[in-house]
Structure formats: C-alpha cells, structure tokens
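Have a look at the structure below, then the notes.
The values are calculated or read from the model by the stated rules, or taken from the named source; none is laboratory data. All of these numbers come straight from a predicted model, not from anything done at the bench. Cβ placement follows ideal geometry from the backbone for every residue including glycine, while neighbour counts extend to all protein chains displayed.
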Amino acid sequence: MAANSKRGHTISLMAWFLGALILCLAGYSKPEALAAETTRDPLIEVLIRKGILTEQEARQIEAEANALEKEREKRVAEQIDKKGPALPKGLKDVSVGMLAYVDYSNGQKALSGDREDSFNDFRLTRGYLIVKKQLLPWMGFRITPDIHQDDTGDYKLRLKYLYAEFKAQDLGFFTGIKSEVGMGHIPWLDFEEHINPYRCQGTMPIERAGTFNSADLGIGVMGYLGGRLENAEERTGSHYYDGRLGSWHVGVYNGSGYHASEKNNDKVLEGRLTLRPLPNIAPGLQVSYFGLTGQGNKEYGGDYPDYTVNLGMLSYQHPWLTLTAQYFTTKGNAKGDWVDARGEAIDTAGYSFFGDFKLPVAEKRLSLFGRWDHFDADDKDKIAEKTEYDLYMAGLAYDVYQGNIVLLSYETTDYDEDFGNSKGKTPVADNDLGDERKVQVVYQIKF
C-alpha cells in the first residue's frame with residue numbers, strides 16, 4: 001500500500017508538472033488587468049495614485065506608448081535590412097580579402113651537367129589574407145599575412161605587408177597623394193602586376209631573374225599626375241594606377257626585402273615615374289621608368305657591393321588587349337650575392353615582352369597570353385661569357401568571376417652553358433644546366 005501511495009503521489013506530481021508546462025507552452029498568462037498591474041511603468045502608477053490619471057487614461061497612454069515602440073522597432077529593422085546588422089566598433093570600416101594560388105605543375109627542373117629532375121606537384125604557391133581598416137578619412141592600416149612553403153615542405157606564416165597609410169591634400173598637378181609607413185609596396189612590382197594580371201603563373205621578369213622582391217620595410221610616397229583618368233576601366237580595361245597623365249612613387253627602404261633581415265646600415269632609394277602622354281587619343285599608352293640605388297645585403301671583406309637598377313617599360317592597355325615591352329640593367333642585387341671573386345657587384349641586363357588578348361568568346365572571359373624573357377647574368381663577362389637564359393611561356397586564362405582565374409600554361413627555359421645553378425644565382429663556368437620546362441594549371445582564389 002505504501003508503495004502504491006508513493007507511486008500515486010509521484011504520478012500526481014508529474015501530472016501537475018506536465019499540466020503546468022503545457023499551460024506555459026500554450027501561452028497561459030494572468031488576467032490582463034493583473035498583467036498590466038505587474039508590468040506597468042512605475043511613473044504611471046504614481047500618477048494614478050495621486051489622482052492625476054484615471055485607470056482608463058493610464059491604459060490609453062500605455063497603448064499609445066506600445067504603438068510608438070512597435071513603430072520604432074519596425075524602423076530599426078528596416079535599417080538593419082538595408083545596411084546589415086550593427087558591427088562592433090573595432091570592426092567598422094574593416095575590409096577582409098584573400099588572394100591564393102592553388103598550383104599543379106608537371107615537368108622537368110634543370111640540373112648542372114646537362115641533367116634534369118622531373119616533378120609532378122600540387123602546391124599552394126601563395127596565400128594572402130588581406131585586412132584593411134580605415135580609421136579616419138585620411139588614415140588607414142593594412143596587414144597581410146603570407147602563407148609560404150619553406151625548403152622542408154612546411155607551410156609557414158610570415159608578413160608580406162604591414163603599414164599605416166596616410167592621405168594628403170592635392171598639391172596642384174600632384175593629386176591622390178598618400179604614403180605607406182611600415183612594410184609596404186616598393187615602387188615597381190605592384191605597378192607591373194596590375195598590368196600583367198598573371199602573377200599566379202609566376203613572378204615578373206626582374207623578380208624572376210633574382211634582383212629583388214615586391215615589398216620592403218621603409219617609407220613610400222605615391223600619387224597621380226593631373227587627377228584621375230575618366231572612365232579608366234571602360235577605356236583601358238583597368239582602374240588601377242589611373243592617373244590622367246600618369247603616376248609616381250618614391251621611397252626609402254632597407255633594401256633587403258620583406259623576408260630577409262637587414263645586414264648593413266645603408267638604405268636604398270627607389271622611384272618610379274609613369275607618364276600617360278595621350279590620355280584623350282590613346283589612354284592605355286604609358287611610358288615608365290624605375291630606378292634604385294643602394295648597397296647589397298651581404299658583406300665581403302668589410303664592404304658591401306653596389307646595388308643599382310634602371311628599368312624602362314612601354315605598356316599599352318585596352319579592354320581587349322594588353323602589351324608590354326621592357327628593358328633593364330642592374331649592378332648587383334638586393335641579396336648582395338651577385339658578385340665576382342673579389343666581392344664586386346657584377347652587371348646584368350634583360351628584356352621582356354608580354355601580350356594578353358581577350359578572345360571574342362565567353363563574354364571576353366577567356367584570354368590568350370604569351371611572354372618572352374631574356375636575361376644575361378653577367379653582361380660584362382667578369383665571371384664567364386655564356387651566362388644568358390631565354391624563358392618562353394604561353395597559355396590560356398579564364399576569369400570565372402571577378403579575378404577568380406583558371407590558368408593553363410606551358411613554360412620552357414633555355415640556359416647557356418655558363419649559367420648558374422638556377423635563376424637568381426651567380427654564373428658558374430661550364431655549369432651546363434639541362435633543359436627546364438613545365439605544364440602548369442593554376443586556380444587563383446580572390447575576393
């Protein structure tokens with residue numbers, strides 16, 4: 001009997017609990033008058049007690065207040081739909097982007113003694129996370145980590161860009177003036193990479209030769225000449241570096257590049273000047289000069305080798321067509337390892353031609369491109385005489401959507417018998433590199 005009594009009591013409690021739960025879920029509430037009394041604004045309650053408001057007047061005021069609150073909530077919801085949800089203060093005016101290259105390459109790498117080594121690899125050749133913050137109309141910041149695979153095959157995270165950007169007022173003919181303070185762009189490669197859009201295939205000619213890379217620690221100032229070119233993208237196919245009469249960029253940097261420590265006290269002075277001579281007749285035609293002077297980043301006998309570059313480029317951009325031709329000479333390089341037996345910088349010279357044509361199919365998303373680089377690693381024959389290479393490439397590129405590109409290319413390099421062990425190395429007499437060639441498929445991820 002006791003067990004039955006306990007079981008009955010337990011069932012009664014469960015029944016009561018379930019019943020209460022069902023009533024709550026069904027929306028059970030106290031009578032309206034009691035609910036109003038418990039949730040009423042204390043100020044209205046005081047006014048009723050003092051006889052200033054009647055119960056009917058109080059209810060009317062509460063109804064009007066509730067209607068105004070619902071109207072306010074509706075307006076806020078409409079603004080959120082238009083502008084998106086409110087962001088924390090630290091995330092306002094922040095933009096996040098990504099640029100990455102997923103690469104598949106199959107071919108042969110040249111080795112000394114007229115030998116080759118085959119490869120067949122999937123790789124992530126680059127992975128940039130681009131974060132920008134506009135703190136004030138004249139002041140912003142950028143940080144760009146870079147995923148890079150080291151010689152062991154491990155993927156490491158390093159900095160590519162980290163700088164503060166300051167904008168200045170126009171000074172007559174000089175417009176769009178801004179500066180980068182920190183690890184920023186050097187004057188040349190970012191400019192060329194916005195003319196030749198296939199950095200995902202490989203580096204630009206002077207960087208591939210081994211002279212320098214695209215970022216460094218220092219201060220740069222840049223801007224336009226004569227304002228902005230009207231309807232630049234419609235007329236030239238690009239809205240980058242769209243000064244009406246040209247653009248410019250000067251800076252002082254360590255000179256060692258963004259992934260090397262500074263070994264000397266010297267600083268490198270760099271500058272680019274680009275002129276657009278016929279903005280009305282041929283807006284895509286530009287003539288550019290880039291130069292730098294300083295010292296290499298490696299010591300020989302208590303001294304550092306000379307490091308100078310002179311480069312000229314003629315370029316033409318059209319919505320259907322891009323053409324470039326450039327010639328450059330250097331003495332030494334950024335690393336400071338282009339030297340002879342006495343530690344003196346050797347002279348190099350090179351030229352390159354590039355063309356890109358949008359085919360009249362697939363809404364001009366499909367492009368045919370080609371490039372030829374010629375480079376002499378010892379132009380004055382201090383180490384050896386036959387120190388040249390010729391690089392040839394051709395391919396197709398399909399723009400899937402806003403810079404997300406699928407690229408197919410074939411590349412081959414022919415080396416003279418005295419060229420060094422690879423591109424960027426000093427000549428070696430009778431080194432006799434083998435043939436180098438590859439088929440490459442790249443997917444460029446961009447947003």
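Would you confirm, using the coordinates I've provided, whether Thr387 is surrounded by fewer than 17 Cβ atoms within 10 Å (Cβ to Cβ) and among the β-branched types (Val, Ile, Thr)?
Criteria not met by Thr387.
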Test Ala377 against the criterion of being crowded, with 22+ Cβ neighbours inside 10 Å, touching a residue at least 40 places away in the same chain (Cβ under 8 Å) and farther than 16 Å from Lys425 by Cα, and give yes or no.
no
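For region 234-248, give me each residue that is touching a residue at least 24 places away in the same chain (Cβ under 8 Å) and of a type in the set (D, E, K, R). Spell out the reasoning first.
Here is the first cut: in region 234-248, the residues touching a residue at least 24 places away in the same chain (Cβ under 8 Å) are 234-238, 240-241, 243-248.
Hits for region 234-248 are Glu234, Arg235, Arg244.
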Name the residue that is nearest to Thr322 (Cα to Cα), counting only residues in region 249-267 that are in contact (Cβ under 8 Å) with a residue 60 or more places away in the chain and in a strand (DSSP E or B).
His249
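Filter region 269-285 down to the residues that are without any contact (Cβ under 8 Å) to a residue 60 or more places away in the chain and in contact with a strand residue (DSSP E or B) (Cβ under 7 Å, 6 or more places away or on another chain) and list them by number. Full working, then the answer.
As a first pass, look at region 269-285 and keep what is without any contact (Cβ under 8 Å) to a residue 60 or more places away in the chain: 269, 273, 275-285.
Hits for region 269-285 are Leu269, Leu273, Leu275, Arg276, Pro277, Leu278, Gly284, Leu285.
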Taking region 315-352 and keeping only residues that are within 14 Å of Asp381 (Cα to Cα), out of contact with any Pro (no Cβ under 9 Å at 6 or more places or on another chain), among the aliphatic types (A, V, I, L, M) and surrounded by 20 or more Cβ atoms within 10 Å (Cβ to Cβ), one is left with none
Say whether the condition of being among the hydrophobic types (A, V, I, L, M, F, W, C), assigned to a helix (DSSP H, G or I), over 19 Å from Leu321 (Cα atoms) and in contact (Cβ under 8 Å) with a residue 60 or more places away in the chain is met by at least one residue in region 177-192.
no
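For region 231-246, which positions are assigned to a loop (DSSP other than H, G, I, E, B), within 15 Å of Pro277 (Cα to Cα) and not hydroxyl-bearing (Ser, Thr, Tyr)?
Of all residues in region 231-246, those assigned to a loop (DSSP other than H, G, I, E, B) come to 231, 237-242, 244-245.
Narrowing the set further to residues that are within 15 Å of Pro277 (Cα to Cα) leaves 241-242, 244-245.
Asp242, Arg244, Leu245, listed by residue number.
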Where a residue in region 403-418 is closer than 17 Å to Leu368 by Cα and among the hydroxyl-bearing types (Ser, Thr, Tyr) and its partner, wherever it lies, is modelled with pLDDT of 95 or more and not in a strand (DSSP E or B), with Cβ under 7 Å and at least six apart
Ser409/Gln201
Only one of (1) β-branched (Val, Ile, Thr); (2) without any contact (Cβ under 8 Å) to a residue 24 or more places away in the chain; (3) part of a strand (DSSP E or B) fails for Thr152. Which number is that?
(3)
Mind checking whether some residue in region 253-260 is under 17 Å from Arg272 (Cβ atoms) and hydrophobic (A, V, I, L, M, F, W, C)?
no
In a strand (DSSP E or B), farther than 23 Å from Trp320 by Cβ and hydroxyl-bearing (Ser, Thr, Tyr): does that describe Tyr398?
no
Could you list, in sequence order, all residues of region 120-150 that are closer than 26 Å to Glu436 by Cα and surrounded by fewer than 16 Cβ atoms within 10 Å (Cβ to Cβ)?
Asn120, Asp121, Phe122, Arg123, Leu124, Gln149, Asp150
Conditions (1) without any contact (Cβ under 8 Å) to a residue 60 or more places away in the chain; (2) outside any loop (DSSP other than H, G, I, E, B) -> Ser315 fails only (1)
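Of all residues being of a type in the set (Phe, Trp, Tyr) and under 24 Å from Cys200 (Cα atoms) in region 390-425, which is surrounded by the fewest Cβ atoms within 10 Å (Cβ to Cβ)? Just the residue, please.
Going residue by residue through region 390-425, those that are of a type in the set (Phe, Trp, Tyr) are 392, 398, 401, 410, 415, 419.
Subset that is under 24 Å from Cys200 (Cα atoms): 392, 398, 401, 410, 415.
Details: Tyr392: 15, Tyr398: 14, Tyr401: 9, Tyr410: 13, Tyr415: 25.
Selected residue: Tyr401.
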Being surrounded by 22 or more Cβ atoms within 10 Å (Cβ to Cβ), under 30 Å from Ala232 (Cβ atoms) and of a type in the set (Gly, Ala, Ser) narrows Gly294, Gly271, Gly284, Gly312 down to just Gly284
With the condition kept exactly as written, say whether any residue in region 51-61 is out of contact with any Pro (no Cβ under 9 Å at 6 or more places or on another chain), at positive phi, surrounded by fewer than 13 Cβ atoms within 10 Å (Cβ to Cβ) and not in a helix (DSSP H, G or I).
yes
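Residue-wise test of (1) among the hydroxyl-bearing types (Ser, Thr, Tyr); (2) within 29 Å of the chain's Cα centre (by Cα); (3) under 19 Å from Phe354 (Cα atoms).
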residue	(1), (2), (3)
Asp373	no, yes, yes
Asp379	no, no, no
Asn404	no, yes, no
Asn421	no, no, no
Gln440	no, yes, yes
